[in-house]
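Quick notes on the structure that follows.
Rule-based calculations on the coordinates, nothing more; no lab input. Since we're looking at a predicted model, the values are computed, not measured. Cβ atoms come from the backbone with ideal geometry, glycine included; neighbour counts cover every protein chain shown.
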């Protein structure tokens, strides 16, 4: 089975992404509930523009992050490491992503925060349930535009 399909199936069952952003030699990490879109290979999340990570991201920034469970048994460890880009969504793009996000997290209707998108450009999925250290790799193919 294709690496991205395997990782996507797992990512759709999780709900918290952690990522880090850097600006002017400073680093900051954040976590948020996410909705994963397997077609676009992106996470959508809500976060206020006033947060430190949003201020450092501006309208767009390079990020690296993880999604992982918390099993006590090392044989059950599964997790994703990724790098990509975070950007603030606007207009119709934001409205469409928010509508899908709210279907998964209805309580977020109370949160007027803007929608951000993390585009995954490279991903590594570790799944110890398939054997210790079993890894699947995927990388976005950049268009020739």
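Tabulated values for the structure
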{"quantity": "Within the stretch 91-117, tally of residues that are closer than 29 Å to residue 71 by Cα and touching a helix residue (DSSP H, G or I) at 6+ places or on another chain (Cβ under 9 Å)", "calculated": "5"}
{"quantity": "Selected residue (only one of 77, 120 is closer than 18 Å to residue 15 by Cα and either exposed (fewer than 14 other Cβ atoms within 10 Å of the Cβ) or touching a helix residue (DSSP H, G or I) at 6+ places or on another chain (Cβ under 7 Å) (or both))", "calculated": "77"}
{"quantity": "The listed residue being within 18 Å of residue 29 (Cβ to Cβ) and out of contact with any strand residue (DSSP E or B) (no Cβ under 6 Å at 6 or more places or on another chain), out of 84, 133, 79, 58", "calculated": "58"}
{"quantity": "Yes/no for residue 72 being touching a residue at least 24 places away in the same chain (Cβ under 8 Å), exposed (fewer than 14 other Cβ atoms within 10 Å of the Cβ) and assigned to a loop (DSSP other than H, G, I, E, B)", "calculated": "no"}
{"quantity": "Qualifying positions in the stretch 24-59 - part of a strand (DSSP E or B), under 16 Å from residue 80 (Cβ atoms) and out of contact with any helix residue (DSSP H, G or I) (no Cβ under 6 Å at 6 or more places or on another chain)", "calculated": "29, 31, 32, 33, 37, 42, 43, 45"}
